[in-house]
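The next block holds one structure in the form of structure tokens; read it before the comments.
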Amino acid sequence: MKDQQWTFLDRTGWPAGPWDSEPDKAQWTDAVTGLPCMIHRNAYGAWCGYVGVAPGHPAYANEYADIDAGVHGGLTFADRCDPTFDPATGGVCHLPEPGESDDVWWLGFNCGHAFDYQPGLEAHMGTLGCAFDLDILLFGELRIEYRDIEYVRAECAHLASQLHAQAS
């Protein structure tokens with residue numbers, strides 16, 4: 001699978017931050033396991049990470065709750081490619097190379113859990129007429145944190161490693 005990146009989200013109203021220099025979606029092949037990986041930013045700005053397995057893998061076509069894998073927030077997604085996929089607008093799917101199968105079962109996680117900062121949420125809350133005060137979201141020692149592209153790529157590599165071991 002060819003390494004590719006796309007930017008497509010309207011970030012109007014988002015505060016400045018590290019996300020300004022990040023794409024909204026990327027796909028690549030994990031160098032260690034050979035598994036396809038993909039990350040996709042949701043509408044609120046939180047990254048979601050995915051690793052694909054092919055038919056014959058023990059996790060293929062299984063629900064995410066039935067798969068033993070330790071990633072950020074736990075697995076929250078398991079499905080085939082979204083049939084409405086368009087790289088210009090996102091979606092959970094990849095662009096296979098010529099001759100490469102598109103029959104991939106994607107297993108994913110998201111970084112939109114408690115204490116994960118989502119930069120687009122601030123803009124969304126404003127459209128609802130809600131004030132968003134970041135200082136209120138800091139609870140003593142607990143802080144919200146933006147999970148950047150490097151963090152999510154590392155979590156994808158960790159998930160790929162676990163899924164590769166399950167196939168052995």
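At a glance:
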{"read-out": "Hey, LEU107 modelled with pLDDT of 85 or more, in contact with a helix residue (DSSP H, G or I) (Cβ under 8 Å, 6 or more places away or on another chain) and not in a helix (DSSP H, G or I) or not", "value": "yes"}
{"read-out": "Subset of region 144-168 (residues that are loosely packed, with under 11 Cβ neighbours inside 10 Å and at pLDDT below 95)", "value": "SER168"}
{"read-out": "Which listed residue is surrounded by fewer than 20 Cβ atoms within 10 Å (Cβ to Cβ) and of a type outside the set (Asp, Glu), from GLY91, GLY120, GLY52, GLY108", "value": "GLY91"}
{"read-out": "Odd one out for VAL71 among (1) touching a His at 6+ places or on another chain (Cβ under 8 Å); (2) not in a loop (DSSP other than H, G, I, E, B)", "value": "(2)"}
{"read-out": "Number of positions in region 28-40 that are under 18 Å from VAL92 (Cα atoms), modelled with pLDDT of 95 or more and of a type outside the set (Val, Ile, Thr)", "value": "6"}
{"read-out": "Matching residues, region 1-49, being open to solvent by 30 Å² or more (accessible area, probe 1.4 Å), under 11 Å from ASP148 (Cα atoms) and among the small types (Gly, Ala, Ser)", "value": "SER21"}
{"read-out": "Where ALA65 falls short, out of the listed (1) open to solvent by 20 Å² or more (accessible area, probe 1.4 Å); (2) part of a loop (DSSP other than H, G, I, E, B); (3) at pLDDT 95 or above", "value": "(2)"}
{"read-out": "GLY49 vs. criteria over 16 Å from the mean Cα position of the chain (by Cα), closer than 15 Å to ASP116 by Cα and not aromatic (Phe, Trp, Tyr)", "value": "no"}
{"read-out": "Single residue of ASP20, ASP86 found to be at pLDDT below 90 and not β-branched (Val, Ile, Thr)", "value": "ASP86"}
{"read-out": "Residue list for region 71-83, restricted to those being open to solvent by 40 Å² or more (accessible area, probe 1.4 Å) and either of a type in the set (Lys, Arg) or modelled with pLDDT of 95 or more (or both)", "value": "THR76, PHE77, ASP79, ARG80"}
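The values are calculated or read from the model by the stated rules, or taken from the named source; none is laboratory data. Quick caveat, the model's predicted, so the values are computed rather than measured. Positions of Cβ are backbone-derived with ideal geometry, glycine not excepted, and every protein chain shown enters the neighbour counts. Only protein heavy atoms, including side chains, enter the accessible area calculation; ligands, DNA and RNA are left aside. Shrake-Rupley method; radii C 1.70, N 1.55, O 1.52, S 1.80 Å.
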